[in-house]
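Here the structure comes first, spelled out in structure tokens, and everything after it is commentary.
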Amino acid sequence: MQLIYQSYYFSSKQKNKIILISRFMYQLLRSILFCFHPEQVHYFSMNVLKAICNTGLGRWCVQQLFKPDDQPIQVAGLHFRNPVGLAAGFDKNASYLHALDMLGFSHVEIGTVTPLPQAGNEKPRLFRLKKDNALINRMGFNNEGVDVVNQHLLAWRKKHPQSTLIVGGNIGKNKVTPNEEAWKDYLLCFETLYDAVDYFTVNVSSPNTPGLRALQDVEALEVILQKLSDALRARKIQKPVFLKIAPDMNEADALAAAALVARLQLTGMIISNTTISRNNLKTPASTLERIGAGGLSGMPLKNRAQQLLKVIATSYGNRLVLVGSGGIFTTDDARERMEAGARLIQIWTSFVYAGPSVIKNILRK
Ligand SMILES: Cc1cc2nc3c(=O)[nH]c(=O)nc-3n(C[C@H](O)[C@H](O)[C@H](O)COP(=O)(O)O)c2cc1C
């Protein structure tokens, strides 16, 4: 049976029709899903997708509908089948890698992972700003802890040894760990996940762990990055290490962080995480007040993330590998980001608003 449907392939005309239909279907589905709470919808949709991808026919349909043709690119010594990845925070515990692989992401950044499991902030903690095509979240690094996540990764690798999906490990510190000891948390996550991931991202830029962003200050950052750099050099196999920064950093501080990454000969930077700014939103101030604190992602983040990337690319584009994240919805957004100096891009919010066809859509031209 599997052979019969695997031997049937669609022409590109048929494929375009299917994309249009699936986009329309997602709009319909979205209007239903958006009646429910975003965090519930997140887990519900991913569990349904996971179940579908666990059957031969389901997997085949998902691939036919959503998986783009390869547009391979070599970055930081790794082979990516296209430049579009899923940003951190979507699959925090590495629970949905197979399904995300079937959708066509070239890479998925799991985490943020902390040494100990954490429940994160009180719910509700994820909110839609439909008028702005944006989200506000204050998840607070909810995750099952580095040991469990490592087990998930190793199990996935054992079950899918042929997968070409690149997996990044986004690492952070526990809420209870004081900033002076934060390096120990980063180092522990780094050592634990070393064999299970393809690259690392050091997250010091989430607005939802009190005091975390103070670690972006160059002196504090140097302590963490130096320890990781030493641990990396002690390894036989070298893995890329990125620093992920906040869009709210001023340009001088962002450049100082870039200088440090370059001096320590780490790989590059992911620009950027969510913002605490609430400027230029269509969502009424009263709604924003009701939602409260958290990181804003999606369309309103686009210009700032693009601008900060450009600033860093101008000075460090030839020494650092830059990854663009923040408000990327369309081919044009992706192209602009890559023309500004990004080698790869990552999406999160556009996946929620535009659905799984967004990857194919971005890669269309
Ligand atoms: C609900 C949610 C949770 C997130 N969690 C993390 C996280 O744990 N670690 C991290 O580095 N970034 C996290 N992010 C930030 C995203 O990885 C991404 O950098 C940001 O949302 C900007 O991209 P976007 O505009 O495409 O959403 C999270 C974003 C959202 C919306």
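The values are calculated or read from the model by the stated rules, or taken from the named source; none is laboratory data. Owing to the predicted nature of the structure, the values given are computational and were not obtained by experimental measurement. In this analysis, Cβ positions are derived from the backbone assuming ideal geometry, glycine residues included, and neighbour counts consider all displayed protein chains. For the accessible areas, the whole protein counts, side chains as well, though only heavy atoms, and no ligand, DNA or RNA atoms are used. Shrake-Rupley method; radii C 1.70, N 1.55, O 1.52, S 1.80 Å.
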Checklist outcome for this item: Reported set for region 286-296 where residues are more than 16 Å from the ligand (Cβ to nearest atom) and either among the basic types (K, R) or within 16 Å of the chain's Cα centre (by Cα) (or both) is R290
Checklist entry - In region 86-125, which residue that is more than 12 Å from the ligand (Cβ to nearest atom) and of a type in the set (A, V, I, L, M) is farthest from Q151 (Cα to Cα)? => result L103
Checklist entry - Across region 297-324, what is the total count of residues that are more than 17 Å from the chain's Cα centre (by Cα) and away from the ligand (no atom under 11 Å from the Cβ)? => result 14
Checklist entry - If we only count helices (runs of 4 or more DSSP H) wholly inside region 289-365, which ones have 2 or more residues that are charged (D, E, K, R)? => result 302-316, 331-339
Checklist entry - In region 338-365, which residue that is more than 24 Å from V48 (Cα to Cα) and more than 14 Å from the ligand (Cβ to nearest atom) is farthest from the chain's Cα centre (by Cα)? => result K365
Checklist outcome for this item: Scanning region 74-99 for residues that are crowded, with 22+ Cβ neighbours inside 10 Å and assigned to a strand (DSSP E or B) gives F80, V84, G85, L86
Checklist outcome for this item: Counted residues in region 295-351 being out of contact with any helix residue (DSSP H, G or I) (no Cβ under 7 Å at 6 or more places or on another chain) and open to solvent by 30 Å² or more (accessible area, probe 1.4 Å) come to 13
Checklist entry - If you go through region 127-148 one residue at a time, do you hit one that is closer than 22 Å to N273 by Cα, more than 15 Å from the ligand (Cβ to nearest atom) and out of contact with any Leu (no Cβ under 6 Å at 6 or more places or on another chain)? => result yes
Item to check | Every pair of residues 6+ apart whose Cβ atoms lie under 8 Å, when the first sits in region 199-213 and is under 23 Å from R235 (Cα atoms) while the second is of a type in the set (K, R) and near the ligand (Cβ under 10 Å from one of its atoms) | outcome: T201/K244; V202/K244; N203/K244
